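The values are calculated or read from the model by the stated rules, or taken from the named source; none is laboratory data. None of these values were measured; they are calculated from a predicted model. Reconstructed Cβ throughout: ideal geometry from the backbone, glycine too, with neighbour counts over all protein chains shown.
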Amino acid sequence: MNASLIQNMLVGCLIVGFAAMEFISRRYRDTVNASPNDTKLELFMFLSLLAITQPLTILTTSKLGAWLAPEYKGVLSDWSWWSTVLVLVVVDDMSQYWWHRLSHSPLLWPLHRAHHSAEYMSIRVTFRNNFFYYLMMPGLWFAGALLYMGVGGMVYAMYFVVKLFVILGAHCAWRWDEPLYRIPALRPLMWVLERTISTPATHWAHHAITNDDGVGHYKGNFGNLLFVWDMIFGSAHITRKYPERVGLIDDKLFGQERWYHQMFYPFLQSSREHTALKFGGTIYDGPDGDGANPTTPKGATS
C-alpha cells in the first residue's frame, strides 16, 4: 500500500470522524443553518480544489522544474524525516499564515471573504474560499516544488494528514477543546496546546462577526496548523471563549452574496449595495465607519 493511498484513506476517516461528531453532539443540527447558496459554494470549491487547483499546481511545478531546474529533481529525497518536516512547516505552513494574513488586506479580501461569510462553523467551511484564493496561494506552489524536489512519500502524507486534522478540528461545529478546558489536571497541557496549534476557541474568534465582545479577533489568529506563528508575529488572541456569532455584518444587513460571485470574483462581480466583490467596491465599515471590518478592527488604522 503506497503513501498516497494511505493518505487518502486517513483523510477520508478524518472527514467522516469529525462529521460524525458534529451530528452526535447535535452541534450540526443546532448551529449550522446553511442555505442552498452556502452548499453550492462549499461543494463546488471543494471539488475544484481537488480536481483542478491541486493537480494543476503539482503538474505545472513539475513541468517548470523539468524545464528550468532539472538538476534539482529529487534532490531532497534522501533527507531525514525530521528535516523534511521542518522544511514543510516553514515553507508550507508559515507561508500559508502570511498568505492568510495578507488576505485580510483590502486588496486580497475579496478572494477570502467567502470563508468568513458563513454564519456557522463546521468542517464544511474548511475549504470555502474564492477559486483564485487557492490558485494564487504560495503554499500550494511551494508544495508542488517540494514534491518535485523529492519531498514525498510517507513523511509528506503524514504531515498532510496531521495538518488537515488540526484544520478540520478548528472549524468543526463540535468544539473538542471546550470540555478539556474544564479539567483542572489538563490546564498545563491546554496552555501549551492552544499556543502551539489552532484550536476551535482561537479559530472561532477569527471568524467572529465583531470584536466588541472581547472574544472576536478577526484581525488575528491566522494560523492554520501552527498557532505558534500568531504568537511569534503578534497576532494571537487567546480567551478560551467562543464568539456568539460568526459571519459578516454586511451580509446581515444587505443579504448574502451569491455563491458564484464569491467563488469567481473578479470574473463575476456583484451588484449588491456595499460590496467588496466588484471593481471599486469597498469593505462595508458600518454607517458611521465603526462597524465590523475584517481588515481594520475598531480602534485600529488601515
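Annotations
- Yes/no for ASP230 being acidic (Asp, Glu), outside any loop (DSSP other than H, G, I, E, B) and within 21 Å of ASP38 (Cα to Cα): no
- Residue check, ALA201 touching an Asp or Glu at 6+ places or on another chain (Cβ under 9 Å) and in a loop (DSSP other than H, G, I, E, B): no
- Selection of segment 144-182 for residues being in a helix (DSSP H, G or I) and either under 12 Å from THR84 (Cβ atoms) or touching a Cys at 6+ places or on another chain (Cβ under 8 Å) (or both) yields LEU146, LEU147, GLY153, MET154, VAL155, TYR156, ALA157, MET158, TYR159.
- Just so you know, in segment 1-60 the residues that are over 26 Å from GLN262 (Cβ atoms) and among the polar types (S, T, N, Q) include one that is farthest from the chain's Cα centre (by Cα), and it is ASN2.
- When segment 214-227 is limited to residues that are part of a loop (DSSP other than H, G, I, E, B) and among the aliphatic types (A, V, I, L, M), the one that is surrounded by the fewest Cβ atoms within 10 Å (Cβ to Cβ) turns out to be VAL215.
- Output for segment 32-52, where each listed residue is assigned to a helix (DSSP H, G or I) and out of contact with any helix residue (DSSP H, G or I) (no Cβ under 9 Å at 6 or more places or on another chain): LEU47, LEU50, ALA51
- Top-ranked residue in segment 184-213 [being closer than 27 Å to ARG29 by Cα and more than 18 Å from the chain's Cα centre (by Cα); ranked as surrounded by the fewest Cβ atoms within 10 Å (Cβ to Cβ)]: ASP213
- Check on ARG128, under 11 Å from the mean Cα position of the chain (by Cα), basic (Lys, Arg) and under 30 Å from GLU22 (Cβ atoms): yes
- For segment 233-252, filtering for residues that are part of a loop (DSSP other than H, G, I, E, B), touching a residue at least 60 places away in the same chain (Cβ under 8 Å) and of a type in the set (A, V, I, L, M) leaves 1.
- Residues within segment 196-231 that are within 15 Å of ASP92 (Cα to Cα) and among the aromatic types (Phe, Trp, Tyr), tallied: 3
- Residue within segment 187-196 that is outside any loop (DSSP other than H, G, I, E, B), closer than 19 Å to VAL166 by Cα, in contact with an Asp or Glu (Cβ under 6 Å, 6 or more places away or on another chain) and not charged (D, E, K, R) present: no
- Segment 136-159, residues that are under 14 Å from the mean Cα position of the chain (by Cα) and touching a residue at least 60 places away in the same chain (Cβ under 8 Å): LEU140
- Matching entry among TYR120, TYR134, TYR181 (being surrounded by fewer than 22 Cβ atoms within 10 Å (Cβ to Cβ), within 19 Å of ALA51 (Cα to Cα), modelled with pLDDT of 95 or more and not charged (D, E, K, R)): TYR134
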